[in-house]
Each structure stands twice: as structure tokens, then as C-alpha cells.
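This report refers to the structure that appears directly beneath it.
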Amino acid sequence: MSAVDITAFPKDFAWGAATAAYQIEGGWNMDGRGPSIWDTFCHEGGRVFGDHTGDVACNSYQLWEEDLKCIQQLDLSHYRLSVSWSRILPDGTTNHINPKGVEYYNKVIDSLIASGVTPMITLWHMDLPQALQDCGGWCSAEIADTFESYASFCFKTFGDRVKLWITLNEPYVCAMLGYEDGIFAPGIKDPGLSVYVAGHNMLRAHAKAWHAYNTHFRPSQGGQVSLALNSDWAEPLTAKDAAATERYKEFTLDWFACPVFCTGDYPESMRSRIENRSLELGYKQGSRLPHFSKDEPSPLGTADFFAVNYYTSRKVKDLSENTELSFVGDQGAEGVIDPSWPICGVHWLAVYPEGLRKLLKYIKDTYTSVPIYITENGFSQMGPVQIEDVDRSQFYEDTLQQVGKAISQDGVNVKGYFAWSLLDNFEWNDGFNVRFGLFHVDFSSSELKRTLYRSVHQRTWRATWQTSHTGKAVHLKVCTGKRQSSIRLTPGALG
Ligand code: PNW
């Protein structure tokens, strides 16, 4: 193991951590907040590990100052948070504005800026207002206009101070897990159908919000807007699986990235595959994968930077014989985990830091030279808490080494890295059973005490960002296997 090469990272690199409103805020019915689909989903029971809910979570709604201390303790240059749509617009529309909700985010934004931390704000991180779900949620065409109004409200209210915006977080995960598999809110299981409609309306909503910013707010506010796309890195399992791997990529990252960065439409072969299978399965042409209307703003060009969330990789197996009506059937490919990649905590997270470097190069080569922010990446624990989290520490060192190589050797324009997550938090259908935090949160006590995981204290990856951002030398102990040594990182070492 060697330390992260800090000279690879530019001086203005964004070193951040990320969170999302429903996962940390709690205060689910405080001060006029309206319910979101995750409140409904959790309260139904039987949906989430241990019937956990985000009712209280880390109580960041009331303990924001504690979160700020964590951010300051890590010397983060950036903090990515999301706005709870139904906290500021309880029924999702601008017909009713909740001043207390607005006040909360003003407080958060102002105190970040006063502490020298740049906020990056996500407008929608999975927690759709329940009132909008009652009107069809992402399957309803009207939602794109409703989202545009919400986004414009946020740009108008917070955009004098917030310059980095993410409209939607992970449309792929939300459409797949929320509308195809039904294991995330709103819990709809409608294989091969709703997933494409939901994804389509998400893209329409994003495009409208970007155009609204571009026309009405960019001239005076000068910020940047994108959407955060998650992607695994994918490699063929055997030489026979090369075509399946291409399809897997098309149905994952390209599904959303191609309309925004390449052509204004879905990948050609994704469209033709779904069309052909629709006919075989007795559906009308054009009935499953919608078309973008010429009467609406195009999604093409609606991202000022590329925001990517990377967690894991897959080996891809051909599944073209599959005839069932489902997203995986359409994709004709299946991702499996390479047994040499260790699983960290949650079952789907096989650790393969090289995959991030390969994915970054793929994005650069396939899409764009616009700057790339890694808006999420992280490592989880399950089972007994390990404050001495040596594996997580190793993970961050290995990962940042790969990011450094992507920048210095592959010439990828990476602008920032956000660890998921600042805090242990409500990990969706895994409840509090899976912990991604840099800080441990004691959910068993009402104080919800935040404690820095041990490894974050000691390790070079953290010093990388401190040195890079603050320009201060950092002394720290480095554990290399069983040996301990002391090193000094100096700002002079920076590129
Ligand atoms: C992302 N999967 O979601 C989200 O943006 C975060 O809110 C979340 O906490 C984080 O990753 C860690 O899970 C995902 O099942 C949720 O493959 C599920 C999956 C992937 C990403």
C-alpha cells in the first residue's frame, strides 16, 4: 500500500462529503413539513429493515450545528446536501410555501458559507412529496412542470449564495428500485413499463429546470447545474459477453447520459432493442420507451458539469435469450460480482477502486470534456459498529489513488470528490443497519452523538484533502499494514 499522490490533485479541487435530506434530517412532521413518499413507505411497515424510519434519523433538522462541526473538523471545502421538497413546498407546488422550511435551508447555507464551505445542493434526492405521488408521481407527465416550478423557487430563493446545483439524484436507481423492482419508495413493481416512463419524466423535469436556470437565473447568479448519474463500471465476464457489456452500459449510464451529453435521445440500440421486443411481446411501437417531444426543451446540453456517483463494478453476462417483460429482459444482460472483489457491508457493494478510474476515462472518452465531479463514493459497514474501521480507510486511500491516476495519467478533468457520507444515516430499505458515515452516529441515544471513525483521524486520504484545500501542512500517523510511521504533507507538494 502506498499513500495517495497529492500532487495529482489541482489546488482548487473540491474535497467534500455528501448527505441527503430524508437520510439525515428527521423532523418529518415538524414546522409544517409535508409528507414525502419515504414517510409513507416507511410508515407502511414491512418495507424497510427493522421497520426503521427517517422520522428522526440524525435529527439534522434540529442538530444542524453538530453537522457543521463535523464538516469543520474535516476541513471540507464543499458540502453536498439535498433540500427536502416537501419541507419547503408541503404539497409539492408553489401554491403553498412553508417559511420555516425555507428558513432552515437559509440557516444551513449561510453557516456553510460563513465557515468557508461551498454548498452543492441537490433538489431531489428520492424524497418526492407524497401529494405529487398521489397524482401519479414520476409517471405523470405534469410532474416535469411542477419540478421546474420547484427548482425555479429554489434558484430564486437560494441561488444568490448557491452556485452548484444538482437537479435529480440517480434517476437510474430511483426508476429501477422505485418503479421496476418496488423495493424503494414509492414501491411500484411494474416490470418493463413504468421504469421507462418515470425515467423519461425525470429527464424532462431536469431539462426544464436547467433551461429555466439558464434563461432566468444564470445571467445574474452565474452558477452551474447538472444531474447526478450513478454508474457501475462494467466489464465482460468472458470474451463472449462483449456485446452484452455494451448493452449493460447503454441501459445504465448511457440511458440518461446520452440524451443530455450526446444526442438528445436515448442510445439508438437501446431504443431499437426495446422497440423490437415490444413488438414481440405484443406492445404497440413506441409504447414503452417514450419519445422526447419537439415542442419541449431538449435534454441535450443541459449539464454544466458531469456529476457521477460510483460505488461498485460488475462483470457482465449475456442474457439475450431472456424473453420476459422486464428491464433486465430488455437489457439482455446481467451483472455479477467478481469473487476477487471484497464486499464491504451492504451486499451489492463489491469494492473495485480501479473501476472508478476506468469509469472516469470512459466518461471523458464517450461524452464530454466538461469537468467531472464525483458526487458520491463510499464504503459501508454492517453488523457491529467498528470505530477502528481499517478497511474503510484502506478503501479511501485506494480510491483516491485511482482518482489521482485518472487526473494525472488519463487526463480526466476531475474537479471534486464527495465522500458518501458525512454521517451514518438512514440507508433507505436497509434502514440504520448499513453505515456509510465518516462520522458514526449513535442512534441508540437521543443525543445522536457524532463520533469520527478512527481511521479518518489517522489516514493520508484525509490529509490529502486538508492539505490541498487549506494549504496547511498536516502531520499524521500512517498505518502501513502493521507498521506505523509519521509523515508530513506540505502544500509545496501540490501541483
Ligand atoms: C445512492 N443499489 O443510492 C444514493 O444516492 C444514496 O442516497 C445512498 O445512501 C448511497 O447511494 C448508498 O447506497 C443507491 O442498490 C442505493 O445498488 C442503492 C443502490 C445504489 C445506490
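The table below gives the values:
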{"quantity": "Every residue from the stretch 1-12 that is surrounded by fewer than 23 Cβ atoms within 10 Å (Cβ to Cβ) and in a loop (DSSP other than H, G, I, E, B)", "calculated": "Met1, Ser2, Ala3, Asp5, Pro10, Lys11, Asp12"}
{"quantity": "Single residue of the stretch 134-143 satisfying the filter (outside any helix (DSSP H, G or I) and in contact (Cβ under 8 Å) with a residue 40 or more places away in the chain) that is farthest from the ligand (Cβ to nearest atom)", "calculated": "Ala141"}
{"quantity": "Sole exception among (1) surrounded by fewer than 20 Cβ atoms within 10 Å (Cβ to Cβ); (2) in contact with a Cys (Cβ under 6 Å, 6 or more places away or on another chain) for Cys262, by number", "calculated": "(2)"}
{"quantity": "Top-ranked residue in the stretch 319-354 [being of a type in the set (Ser, Thr, Tyr) and under 23 Å from Asp254 (Cα atoms); ranked as nearest to the ligand (Cβ to nearest atom)]", "calculated": "Tyr352"}
{"quantity": "Any hit, the stretch 70-79, residues being surrounded by fewer than 15 Cβ atoms within 10 Å (Cβ to Cβ), touching a Gly at 6+ places or on another chain (Cβ under 8 Å) and of a type outside the set (A, V, I, L, M, F, W, C)", "calculated": "no"}
{"quantity": "Qualifying positions in the stretch 215-226 - touching a residue at least 40 places away in the same chain (Cβ under 8 Å), at negative phi and over 19 Å from the mean Cα position of the chain (by Cα)", "calculated": "His216, Phe217, Gln221, Gly223"}
{"quantity": "Leading residue by the ranking (surrounded by the most Cβ atoms within 10 Å (Cβ to Cβ)) among those in the stretch 311-333 that are farther than 30 Å from Gln402 by Cα and acidic (Asp, Glu)", "calculated": "Asp330"}
{"quantity": "Conditions (1) surrounded by fewer than 18 Cβ atoms within 10 Å (Cβ to Cβ); (2) in a helix (DSSP H, G or I); (3) not polar (S, T, N, Q): number failed by Ala244", "calculated": "(1)"}
{"quantity": "Members of the stretch 17-43 found to be within 16 Å of the ligand (Cβ to nearest atom) and either modelled with pLDDT under 95 or in contact with a helix residue (DSSP H, G or I) (Cβ under 6 Å, 6 or more places away or on another chain) (or both), listed by number", "calculated": "Tyr22, Ser36, Ile37, Trp38"}
{"quantity": "Conditions (1) within 16 Å of the ligand (Cβ to nearest atom); (2) in contact with a Ser or Thr (Cβ under 7 Å, 6 or more places away or on another chain); number of the one not met by Thr146", "calculated": "(1)"}
{"quantity": "Any hit, the stretch 146-161, residues being at pLDDT 95 or above, out of contact with any strand residue (DSSP E or B) (no Cβ under 8 Å at 6 or more places or on another chain) and on the phi > 0 side of the Ramachandran plot", "calculated": "no"}
{"quantity": "Residue satisfying condition, being under 30 Å from Ile407 (Cβ atoms) and either within 13 Å of the ligand (Cβ to nearest atom) or not aliphatic (A, V, I, L, M) (or both), within set Phe9, Phe49", "calculated": "Phe9"}
{"quantity": "Test: residue in the stretch 336-348 that is closer than 19 Å to Glu170 by Cα and buried (at least 20 other Cβ atoms within 10 Å of the Cβ)", "calculated": "no"}
{"quantity": "Whichever residue in the stretch 263-289 is among the aliphatic types (A, V, I, L, M) and part of a loop (DSSP other than H, G, I, E, B) and, among such residues, is nearest to Tyr172 (Cα to Cα)", "calculated": "Leu289"}
{"quantity": "Where a residue in the stretch 419-443 is on the phi > 0 side of the Ramachandran plot and its partner, wherever it lies, is outside any strand (DSSP E or B), with Cβ under 7 Å and at least six apart", "calculated": "Trp428/Phe184; Gly431/Val48; Gly431/Phe49; Gly431/Gly50; Gly431/His52"}
{"quantity": "Cβ pairs under 9 Å, 6+ apart, first in the stretch 169-190 and farther than 19 Å from Glu44 by Cβ and among the acidic types (Asp, Glu), second within 11 Å of the ligand (Cβ to nearest atom) and modelled with pLDDT of 95 or more", "calculated": "Glu170/His125; Glu170/Met126; Glu170/Ala228; Glu170/Leu229; Glu170/Asn230; Glu170/Asn309; Glu170/Glu376"}
{"quantity": "Residue within the stretch 195-210 that is farther than 13 Å from Pro171 by Cα and touching a Lys or Arg at 6+ places or on another chain (Cβ under 9 Å) present", "calculated": "no"}
{"quantity": "All positions within the stretch 104-122 that are hydroxyl-bearing (Ser, Thr, Tyr), surrounded by fewer than 24 Cβ atoms within 10 Å (Cβ to Cβ) and in a helix (DSSP H, G or I)", "calculated": "Tyr105, Ser111"}
{"quantity": "Qualifying positions in the stretch 441-460 - surrounded by 21 or more Cβ atoms within 10 Å (Cβ to Cβ) and either assigned to a strand (DSSP E or B) or within 12 Å of the ligand (Cβ to nearest atom) (or both)", "calculated": "Val441, Arg450"}
{"quantity": "Hits in the stretch 422-439 (condition: near the ligand (Cβ under 8 Å from one of its atoms), of a type in the set (A, V, I, L, M, F, W, C) and in contact with a Cys (Cβ under 9 Å, 6 or more places away or on another chain))", "calculated": "none"}
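Residues are listed down the side, and each one gets a yes or a no for (1) over 30 Å from Gly431 (Cα atoms); (2) assigned to a helix (DSSP H, G or I); (3) among the hydrophobic types (A, V, I, L, M, F, W, C); (4) touching a residue at least 24 places away in the same chain (Cβ under 8 Å):
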| site | (1), (2), (3), (4) |
| --- | --- |
| Leu356 | no, yes, yes, yes |
| Thr368 | yes, no, no, yes |
| Gln394 | no, yes, no, yes |
| Leu400 | no, yes, yes, yes |
| Ala406 | yes, yes, yes, yes |
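Here is a yes/no grid of residues against (1) surrounded by 14 or more Cβ atoms within 10 Å (Cβ to Cβ); (2) not hydrophobic (A, V, I, L, M, F, W, C):
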site	(1), (2)
Leu281	yes, no
Lys284	no, yes
Phe292	yes, no
Asp295	no, yes
Leu300	yes, no
Phe305	yes, no
Asn309	yes, yes
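The values are calculated or read from the model by the stated rules, or taken from the named source; none is laboratory data. Please read all numbers here as calculations on a predicted model, not as lab measurements. Cβ atoms come from the backbone with ideal geometry, glycine included; neighbour counts cover every protein chain shown.
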